[in-house]
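Shown next, in structure tokens, is the structure this report addresses.
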Amino acid sequence: MKKYLITSREFYTDTPAVFRGILQEQLIKHSVDFVLYRDKANPHYHLQADHFIEVCRNFTDTKAFLHQDYKLAASLGADGVHLTSQQFESIQSAKALGLEVVISTHSYEEIQKAQTLGADYVTYSPIFETPHKGLPKGVENLQDVIQKTSMKIFALGGIIDDEHLASLESVKPYGFASIRYFY
């Protein structure tokens, strides 16, 4: 099961030197396959994204993604972009720039739409209870959508410990994405 680390200002800060140190430490510790720089509140997102890409270049087995801004992702040499569930119309534009695309989904219909439009991966959430994200879908629902599609699905939402991972492994998603599990 692939590991997808998502950064958060809460854990990684927006101070460049601190951010770089924490990011590098977590990438070494967890040997992740994918990593996303996500910070909706940073007014200097583009500068921190540059630091993020620079750190990630030292980890050749890790794909680096930026959140929402596919033009910035392409200009900085990121592997891809993680689009929100409000950005389906951006999938083809991001692909045209040579980026891999992850898009957030919350229903089977959205997964189908993402696949039709050419996304490479989806996150499907929330699987477990997580603050401010609505009712959890649960592992059985995840298993149902996995069985209906060939799309590469990252389970997301409330994944904080090895017990959660064990329950996910039984339904075999492509991977799991988390902030708190990796910190």
*What residue among Gln86, Gln68, Gln24 shows peak mean-square fluctuation when the chain is described by a Gaussian network model with Cα springs under 10 Å?*
Gln86
*Calculate the length of the line joining the C-alpha centroid of region 104-169 to that of region 5-63, in whole Å.*
23 Å
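Going by a ≥ b ≥ c, the root eigenvalues of the Cα gyration tensor, does region 82-183 fall in the rounded group (a/c under 1.5), the prolate group (a/b larger than b/c) or the oblate group? Mind dumping the intermediate values first?
Details: a/c = 1.87, a/b = 1.61, b/c = 1.16.
Prolate shape, in that a/c is at least 1.5 and a/b is the bigger ratio.
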*Within the chain: Cβ-based charge dipole about Cα centre, in debye rounded to nearest 20 (Lys, Arg +1; Asp, Glu -1)*: 220 debye
*If contacts are Cα pairs under 8 angstrom and at least 6 residues apart, what is the relative contact order of the chain in percent?*
19 percent
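Can you give the convex hull volume per residue for the Cα atoms of the chain, as a whole number of Å³?
Numbers: hull volume 19.8 nm³, N = 183.
Dividing the Cα hull volume of the chain by its residue count gives 108 Å³.
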*Reachable aspartates and glutamates from Lys40, Cα under 19 Å, same-chain residues fewer than 8 places away excluded?*
Glu10, Asp14, Asp50, Asp69
*Selection from Ser90, Tyr37, Gly138 lying farthest towards where the dipole of the chain points positive, charges on Cβ*: Ser90
_Could you identify which residue out of Leu47, Leu72, Leu99 has the top mean-square fluctuation in a GNM of the chain using Cα springs shorter than 10 Å?_
Leu47
*How large is ³J(HN,Hα) for each residue in region 167-177, as worked out from phi by the Karplus curve 6.51 cos²θ - 1.76 cosθ + 1.60 (θ = phi - 60°), to whole Hz, x for Gly and Pro?*
5, 6, 4, 5, 9, 6, x, 4, x, 9, 10
_Amide hydrogen neighbours beyond the local backbone of Glu100, cut-off 5 Å, H modeled_ = Gly80, Val81
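No lab work stands behind these numbers, since they all come straight from the coordinates. Predicted, not measured: the structure shown is a model, and the values here were computed from it. Backbone-built Cβ (ideal geometry, glycine too); neighbour counts: all protein chains shown.
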